[in-house]
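The values are calculated or read from the model by the stated rules, or taken from the named source; none is laboratory data. Owing to the predicted nature of the structure, the values given are computational and were not obtained by experimental measurement. Because the Cβ atoms are built from the backbone with ideal geometry, glycine has one as well, and the counts that use them run over all protein chains shown. Accessible surface is based on the protein model in full, side chains and every heavy atom, while ligands, DNA and RNA are left aside. Shrake-Rupley method; radii C 1.70, N 1.55, O 1.52, S 1.80 Å.
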Amino acid sequence: MTKKKNNIDWFGIVLSDTFGGGSELQQINFFKNLIKQDQYCMIICLGKKNMGCWEFMEQKGKVVYFPFGSKLVKLNFLLLYPYLIYVFSRYKIKYTFSTQTLINSAIGLFKRIGFLKNTKVVVRESNSIFKLLSGVKLLRYKLGYKIGYQKVDLIICQTKFMKEQLLESIPWLKKKKVEVIDNPIDLEDIARKSVVQIPELSEVPPYIVAAGSLHPKKGFDILIDAFYKLKDKWPKLNLYILGEGAQRPVLEERIETLKLGNRIFLKGFQTNVFPFFKKAKICVMSSRIEGFPNVLLQMMSQNNSVVSTVSAGGIEKIPGIYTCPTKDVEALAIAIENAITNDNSAKRTIFDEYLEKRSVKSFYEKIMAEI
């Protein structure tokens with residue numbers, strides 16, 4: 001790249017090495033919208049290129065990669081600092097957008113010490129960590145806020161609850177610009193993906209579907225137990241769980257213990273979840289805690305019968321979905337049963353009107369208005 005192009009004002013989006021998570025999805029959607037606005041935009045990926053994650057973005061903008069394996073970062077997060085300094089020193093970056101606390105902290109620190117003194121730093125909170133973490137892990141994050149958030153220009157919270165938790169736990173952030181901006185959803189992209197034909201779904205029994213990383217916070221163990229309560233009443237109904245993660249052996253053992261191996265299927269990571277959501281009898285979000293579950297919006301875009309635990313602020317206000325408390329097997333089973341037995345045909349109009357208010361363009365415009 002020529003030096004002249006390096007001097008153009010860039011919008012830098014800093015991604016983790018993770019692929020397919022909710023935070024990364026929001027960053028990709030934001031990236032795509034910037035490209036539509038004819039802005040020079042780069043993805044700064046904190047993983048090696050040979051991971052096979054972000055090459056598809058290279059034809060739309062610029063992607064730069066961390067030169068070392070991501071495992072090194074997890075062992076010592078400070079290794080990110082010289083890499084980011086190198087990238088930031090080569091390009092004139094007018095804005096940054098990142099969504100994970102420790103990454104946000106690193107970028108904020110660079111502005112604090114002068115590397116990004118002319119850059120507007122926008123950070124998004126990815127989860128209600130003060131409910132999710134404790135002990136040494138929580139202290140690590142609190143240190144991240146102290147070190148890096150003092151010079152950020154805008155802190156985005158996904159929900160009012162998340163903002164309240166953040167300001168209650170870190171009171172000095174009340175001096176900063178902290179705004180609640182709803183997560184966006186890319187309905188155009190979803191419409192394209194939802195019509196893709198997946199052969200394995202051509203002839204399958206009716207099923208309930210859930211999706212997310214196989215992590216305890218997603219509550220798939222609770223969902224499995226709730227399904228067990230319903231299995232005899234609906235003997236032809238199966239359960240698909242889309243996603244991968246460290247809890248797979250635990251979930252497999254639970255499925256085997258309940259003798260549900262022929263009814264519950266861990267389908268692994270899916271590059272396109274929307275046909276699964278569209279064909280499902282019911283979509284279920286069973287999490288114990290979330291920042292705000294993007295998968296819930298995705299499910300609403302495809303299916304009229306959607307069940308969710310109240311695992312994040314604002315879920316109870318979403319019109320048309322069936323809700324229940326978190327960590328309650330009986331309540332989740334009842335909510336699923338209600339979704340099965342009720343006529344949900346009228347929900348399509350309700351869901352579409354709600355989702356239209358969460359466009360990526362609107363998200364971008366709200367951010368730019370604040371900074």
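Under a 5 Å amide H to amide H cut-off, with H placed in plane at 1.01 Å, what residues pair with ILE181 once short-range neighbours are removed?
When sequence neighbours closer than 5 places are left aside, the close amide H contacts are CYS157.
Go through LYS278/LYS366; LYS32/LYS327; LYS278/LYS317; LYS48/LYS281; LYS175/LYS366 and tell me which ones have a Cα-Cα distance over 28 Å in this structure.
LYS278/LYS366; LYS32/LYS327; LYS48/LYS281
Hey, got the Cα dimensions of the range 73-172 along the principal axes, in Å, largest first?
39, 29, 19
Full extension from LYS146 to SER169: what is 0.36 nm times the residue separation minus their Cα-Cα distance, to one decimal in nm?
7.1 nm
Suppose we flag trypsin sites (Lys or Arg not before Pro) only when DSSP calls them loop and at most 11 other Cβ atoms lie within 10 Å. Which is the longest uninterrupted stretch of the chain?
Excluding the exposed sites themselves, the longest stretch runs over 1-116.
Roughly how many whole Å is it from the C-alpha centroid of the range 161-211 to that of the range 212-250?
Computed from Cα coordinates, the inter-centre distance equals 20 Å.
Around ASP9, what is the net charge, scoring Lys/Arg as +1 and Asp/Glu as -1 over all other residues with Cβ under 9 Å from its Cβ?
+2
On a 1.4 Å probe surface of the protein chains, which of SER169, SER286 comes out largest in accessible area, and what is the full order?
Largest to smallest exposure gives the sequence SER169, SER286.
Kindly express, to the nearest 10 degrees and within the range 0 to 90, the angle between helix 248-257's C-alpha long axis and the longest C-alpha principal axis of the chain.
So the helix axis and the longest Cα principal axis differ by about 10 degrees.
If amide H atoms are built 1.01 Å from N in the plane of the peptide, which residues on other chains or at least 5 residues away come under 5 Å of the amide H of CYS41?
The list, which skips near neighbours in sequence, is PHE11, LYS62.
From the mean inverse distance of alpha carbon pairs (Kirkwood) and the Cα radius of gyration, derive Rg over Rh for the chain.
Computed over Cα atoms, the ratio is 0.98.
Using alpha carbons only, how many degrees (0 to 90, rounded to 10) separate the axis of helix 160-169 from the longest principal axis of the chain?
For helix 160-169, the angle is close to 60 degrees.
Please give the per residue accessible area of the chain, computed with a probe of 1.4 Å over protein heavy atoms only, in Å².
47 Å²
Kindly provide the pair-distance distribution of the range 244-292 built from C-alpha pairs, with 5 Å bins from 0 and whole-percent values in order of increasing distance.
Each 5 Å bin holds this share of Cα pairs: 4, 15, 18, 26, 26, 9, 2.
Could you work out the local net charge near GLU370, counting Lys and Arg as +1, Asp and Glu as -1, over the other residues with Cβ closer than 13 Å to its Cβ?
Charge balance in the 13 Å sphere: +2.
Please list SER202, SER128 in order of solvent-accessible area, largest first, computed with a 1.4 Å probe with all protein chains present.
Output order, biggest surface exposure first: SER202, SER128.
Taking amide hydrogens as modeled 1.01 Å from N in the peptide plane, which residues meet the under 5 Å criterion relative to SER308, leaving out close sequence neighbours?
Long-range HN contacts for SER308: MET285, TYR322, THR323, CYS324.
How much net charge surrounds VAL329 when only other residues with a Cβ under 10 Å from its Cβ are counted (Lys, Arg +1; Asp, Glu -1)?
Around VAL329, the charge tally is -2.
Out of the total accessible area of the chain (probe 1.4 Å, heavy atoms of protein only), what percent is carbon and sulfur?
52 percent
LYS217 versus LYS267, label points 7 Å from Cα toward the beta carbon: distance in nm?
With each label placed 7 Å out from Cα toward Cβ, I get 2.4 nm.
FRET efficiency for ILE371 and LYS137, Cβ-Cβ distance as r, R0 = 35 Å, nearest 0.05?
For ILE371 and LYS137, the calculated efficiency is 0.70.
Can you give me the solvent accessible area of SER89 with a 1.4 Å probe, rounded to the nearest 10 Å²?
Ignoring ligands and nucleic acids, SER89 comes out at about 80 Å².
Does anyone have the angle between helix 101-112 and the longest principal axis of the chain? Alpha-carbon axes, 0 to 90°, nearest 10?
Helix 101-112 sits roughly 10 degrees off the main axis of the chain.
Expressed as a whole number of Å, what is the distance separating the alpha-carbon centroids of the range 100-148 and the range 280-309?
With the range 280-309 and the range 100-148 each reduced to a Cα centre, they are spaced 29 Å.
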